[in-house]
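One structure is given below, encoded as structure tokens.
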Amino acid sequence: MKRNSAREGDIEDFFCNSSLSAPRGNCAQNVNSRRRRVVREDYGPGIPGNATIFVHTFGCGHNVSDGEYMAGQLVESGYNVTDEFGQADAYLLNSCTVKNPSEEHFVSMMNRVRDTGKPLIVAGCVPQADPTNKQWGDVSVVGVRSIDRVSYVVQEALQGNCVRLLGETEDQRQSNDSNELPALDLPKVRRNKYIEIIPISVGCLNNCTYCKTKQARGDLRSYPVEVIVDRVREVVRDGVKEIRLTSEDSGAYGIDIGTDVVYLLQAVAVELEGTDVMLRVGMSNPPYLLRHVDGFATVLKHPNVYEFVHIPVQSGSDSILQTMLREYTVEEFFMCIDSIRAAVPKATVATDIICAFPGEGESEWQETMELCKRAKFEVINITRFYPRRNTPAAAMKQIPTDVAKHRTTELTNFFNSYRTFDSMVGEVHNVTLLETAHDKHHLVGHTKNYVQVLVDPAQARMGESVVVVITSATKYSVMGRVLRSRWERLSADAVGFATAPFRTRKGRIASALLMATAVGTVLLYWSSTRRRRCK
């Protein structure tokens, strides 16, 4: 599982294209020819007990959370949910519109579903951003603000009806509140039972010329702090070990409701104190993060918060940033990351770069290369520019494909030319093992500064908090050997057996005295107990 990589995709895409698991029922066979709709007569009042729904999500953390909520509601309504394509009676595809490849994969799977002749329901940003597209003519649609009605749409689709919910939900119409958002306490089926993704807002305040997501998610609408904190309490009780706060721009959180992201993070961090649950903050754009970067950095120091920031710069050229309508300068970007690194020296800083944006000449491109050389990012998400339909950038003069490929390769080669984690070898870290690596042979946890640690599953169990010593490092991750569970480490620390004191002569003497005191106390207690028994 390459997190620290120069790759084409979203930084938070390691949840992407992930499968949802839930109880399965009897599944229908793949039958019938392309584009032929089959209406099964045995559907009806008993639909939920009979139908199995294939659920697949493309895209970012926010999309994954939406997909988990939709799967949860289907299970709550009595449906079975599967990630096995051939076992489904109907298909729910949750789409992403960030880049052309994401949409192309989505369309390809749509066509695969049509070949089965079974009901198809599409959701997510692609239909929401392009509601008049003719490809929705024979499918049902769940808009991004209507995920709380997915069970109704699925039931109608199973009965051969096409339902399209791309506007306001029924509750929103009744309340006459256009800013109402899907509730955070809806039923949910998590992709990973240890990881909870919580949307803190929907939409953003920007109008980037290349972005299609804004057309789907709209302007910024933030959830109240107390609603998010309530959700945090609930999932901690459920036993999650990691909470990921997601949005289109975490740095802008709360501007629309008179609060800010620092206040939110402080409130969430308080709820996590005394637990082993870790918090990760999602992507933040520079202009809004800059308003409270010092407070943001302070929150990163909290023991339950990962020292990780994702701040997309996109280009190292002020003129290109202006064409993108990014609303900050290169200098302001460095003010953000320099402030964070000064306060949290080991913080992992991730960024995004778009290669070959329209108007980017060789001099502008070299400015981007110089920015990356100066910043030495731990993570770079490298994306070749894709013109998204109906965006201003799509109408601009495009850079030739061969130039775009060359620039992507040049930046990738630079990123791979330096190693960040070699100095960690020999260090001891606390990690909680929450995922399985792509190689299927290691469990994955993260250090406080969100470096990926791979551990042999023979040494620990999934969901376990352990103390590891780093034995080797690669460009993208480190290998860890388990020393003990975290709770054993805490117990040892309490009586003076932590490894750190033994690194100096004074430390060894102090630890020996502590050990002697502890042993003496035990002997005195045993001796007094024995005398009482003799009497």
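The values are calculated or read from the model by the stated rules, or taken from the named source; none is laboratory data. Bear in mind the structure is a predicted one, so any value in this text is a computation, not a measurement. Don't worry about glycine lacking a Cβ; one is built from the backbone with ideal geometry, like all the others, and counts go over all protein chains shown.
Of everything in the range 459-486, what is farther than 20 Å from Asn304 by Cα and in contact (Cβ under 8 Å) with a residue 60 or more places away in the chain? Give them in sequence order.
The answer is Lys475, Tyr476, Ser477.
Quick check, is Glu367 closer than 27 Å to Leu290 by Cβ, in a loop (DSSP other than H, G, I, E, B) and either in the same structural domain as Thr323 (by TED's automatic domain parsing) or out of contact with any strand residue (DSSP E or B) (no Cβ under 8 Å at 6 or more places or on another chain) (or both)? Spell out how you get there, then give the answer.
Working: closer than 27 Å to Leu290 by Cβ: yes; in a loop (DSSP other than H, G, I, E, B): no; either in the same structural domain as Thr323 (by TED's automatic domain parsing) or out of contact with any strand residue (DSSP E or B) (no Cβ under 8 Å at 6 or more places or on another chain) (or both): yes.
It is false that Glu367 is closer than 27 Å to Leu290 by Cβ, in a loop (DSSP other than H, G, I, E, B) and either in the same structural domain as Thr323 (by TED's automatic domain parsing) or out of contact with any strand residue (DSSP E or B) (no Cβ under 8 Å at 6 or more places or on another chain) (or both).
Please verify whether Ser319 is in contact with a Phe, Trp or Tyr (Cβ under 9 Å, 6 or more places away or on another chain), modelled with pLDDT of 95 or more and assigned to a helix (DSSP H, G or I), treating the condition exactly as stated. Before the answer, list the steps.
On the way: in contact with a Phe, Trp or Tyr (Cβ under 9 Å, 6 or more places away or on another chain): no; modelled with pLDDT of 95 or more: yes; assigned to a helix (DSSP H, G or I): yes.
For Ser319, the condition - in contact with a Phe, Trp or Tyr (Cβ under 9 Å, 6 or more places away or on another chain), modelled with pLDDT of 95 or more and assigned to a helix (DSSP H, G or I) - is not met.
Name the single residue, out of those in the range 70-79 being surrounded by fewer than 24 Cβ atoms within 10 Å (Cβ to Cβ) and in contact with a helix residue (DSSP H, G or I) (Cβ under 8 Å, 6 or more places away or on another chain), that is farthest from Asp148 (Cα to Cα). Can you show your working first?
So the first thing to find is which residues in the range 70-79 are surrounded by fewer than 24 Cβ atoms within 10 Å (Cβ to Cβ), and the list is 72-73, 75-78.
Those still in the list that are in contact with a helix residue (DSSP H, G or I) (Cβ under 8 Å, 6 or more places away or on another chain) too: 73, 76-78.
On the way: Gln73: 8, Glu76: 12, Ser77: 12, Gly78: 15 Å.
My answer is Gly78.
Name the pairs: first residue in the range 333-360 and within 11 Å of Ile311 (Cα to Cα), second residue charged (D, E, K, R), Cβ to Cβ under 6 Å, at least 6 apart or on different chains?
Here the result reads Thr348/Glu378; Val349/Glu378, each pair linking the range 333-360 to a residue that is charged (D, E, K, R).
Consider Phe333 carefully, then state whether it is buried (at least 17 other Cβ atoms within 10 Å of the Cβ), part of a loop (DSSP other than H, G, I, E, B) and within 27 Å of the chain's Cα centre (by Cα). Show your work before the answer.
Working: buried (at least 17 other Cβ atoms within 10 Å of the Cβ): yes; part of a loop (DSSP other than H, G, I, E, B): no; within 27 Å of the chain's Cα centre (by Cα): yes.
Here the answer is no, as Phe333 does not meet what is asked.
Of the conditions (1) part of a strand (DSSP E or B); (2) at pLDDT 95 or above; (3) not basic (Lys, Arg), Ala123 satisfies every one except a single condition; which number is it?
It fails just one condition, (2).
Every residue in the range 84-117 that is surrounded by fewer than 19 Cβ atoms within 10 Å (Cβ to Cβ), within 22 Å of Leu74 (Cβ to Cβ) and of a type in the set (S, T, N, Q), please.
Gln87
In the range 432-453, what residues are part of a strand (DSSP E or B) and under 21 Å from Val309 (Cα atoms)? Can you show your working first?
The first filter runs over the range 432-453 and keeps only residues part of a strand (DSSP E or B), leaving 432, 435-436, 443-446, 452-453.
If the condition is that a residue be part of a strand (DSSP E or B) and under 21 Å from Val309 (Cα atoms), then Thr432, Glu435, Val444, Gly445, His446, Gln452, Val453 are the ones that fit.
Pick out the one residue from Glu104, Glu68 that is without any contact (Cβ under 8 Å) to a residue 12 or more places away in the chain and either within 30 Å of Thr383 (Cα to Cα) or hydroxyl-bearing (Ser, Thr, Tyr) (or both).
Step by step, each of Glu104, Glu68 is checked, and only Glu104 is without any contact (Cβ under 8 Å) to a residue 12 or more places away in the chain and either within 30 Å of Thr383 (Cα to Cα) or hydroxyl-bearing (Ser, Thr, Tyr) (or both).
Condition (residue is crowded, with 17+ Cβ neighbours inside 10 Å, modelled with pLDDT under 90 and of a type in the set (Phe, Trp, Tyr)) applied to the range 182-198: is it met by at least one residue?
Restricting attention to the range 182-198, the residues satisfying the condition of being crowded, with 17+ Cβ neighbours inside 10 Å are 182, 184, 188-192, 194-198.
In the following step, the residues that additionally are modelled with pLDDT under 90 were identified as none.
So far as the range 182-198 goes, no, none of its residues is crowded, with 17+ Cβ neighbours inside 10 Å, modelled with pLDDT under 90 and of a type in the set (Phe, Trp, Tyr).
Residue-by-condition table, conditions (1) under 21 Å from Phe308 (Cβ atoms); (2) surrounded by 22 or more Cβ atoms within 10 Å (Cβ to Cβ):
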position	(1), (2)
Arg237	no, no
Ile243	yes, yes
Gly251	yes, yes
Thr259	no, no
Val270	yes, no
Thr275	yes, no
Arg280	yes, no
Val293	yes, yes
Phe296	yes, yes
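Quick check on Met396: is it surrounded by fewer than 20 Cβ atoms within 10 Å (Cβ to Cβ), touching an Asp or Glu at 6+ places or on another chain (Cβ under 8 Å) and either farther than 30 Å from Leu264 by Cα or not assigned by TED's automatic domain parsing to the domain that holds Arg244 (or both)?
On the way: surrounded by fewer than 20 Cβ atoms within 10 Å (Cβ to Cβ): yes; touching an Asp or Glu at 6+ places or on another chain (Cβ under 8 Å): no; either farther than 30 Å from Leu264 by Cα or not assigned by TED's automatic domain parsing to the domain that holds Arg244 (or both): yes.
The answer is no for Met396.
Hey, among Val428, Val344, which residue is closer than 30 Å to Ala297 by Cβ, out of contact with any Phe, Trp or Tyr (no Cβ under 9 Å at 6 or more places or on another chain) and not assigned by TED's automatic domain parsing to the domain that holds Gln314?
Details: Val344 fails: not assigned by TED's automatic domain parsing to the domain that holds Gln314.
Being closer than 30 Å to Ala297 by Cβ, out of contact with any Phe, Trp or Tyr (no Cβ under 9 Å at 6 or more places or on another chain) and not assigned by TED's automatic domain parsing to the domain that holds Gln314 holds for just one of Val428, Val344, which is Val428.
Output the residue which, of all residues in the range 199-217 that are touching a Ser or Thr at 6+ places or on another chain (Cβ under 8 Å) and small (Gly, Ala, Ser), is modelled with the highest pLDDT.
Only one residue tops the list, namely Ser201.
Of the conditions (1) crowded, with 16+ Cβ neighbours inside 10 Å; (2) farther than 16 Å from Ile228 by Cα, Asp338 clears all except one; give me its number.
(1)
So is Cys162 surrounded by fewer than 20 Cβ atoms within 10 Å (Cβ to Cβ) and either touching a strand residue (DSSP E or B) at 6+ places or on another chain (Cβ under 7 Å) or assigned by TED's automatic domain parsing to the domain that holds Asn381 (or both) or not? Talk me through it step by step, then tell me what you get.
On the way: surrounded by fewer than 20 Cβ atoms within 10 Å (Cβ to Cβ): yes; either touching a strand residue (DSSP E or B) at 6+ places or on another chain (Cβ under 7 Å) or assigned by TED's automatic domain parsing to the domain that holds Asn381 (or both): yes.
Yes: the conditions hold for Cys162.
Pick from Thr275, Thr298: which is assigned to a loop (DSSP other than H, G, I, E, B), in contact with a helix residue (DSSP H, G or I) (Cβ under 8 Å, 6 or more places away or on another chain) and polar (S, T, N, Q)?
Thr275
Kindly provide the set of residues from the range 385-428 that are touching a Lys or Arg at 6+ places or on another chain (Cβ under 7 Å) and not in a helix (DSSP H, G or I), ordered by number.
Tyr386, Arg388, Thr391, Asn416, Tyr418, Arg419
For Glu327, indicate whether it is more than 23 Å from Cys204 (Cβ to Cβ), at pLDDT 95 or above and over 22 Å from the mean Cα position of the chain (by Cα). Please lay out each step first, then the result.
Values: more than 23 Å from Cys204 (Cβ to Cβ): no; at pLDDT 95 or above: yes; over 22 Å from the mean Cα position of the chain (by Cα): yes.
Spelling it out, it is not the case that Glu327 is more than 23 Å from Cys204 (Cβ to Cβ), at pLDDT 95 or above and over 22 Å from the mean Cα position of the chain (by Cα).
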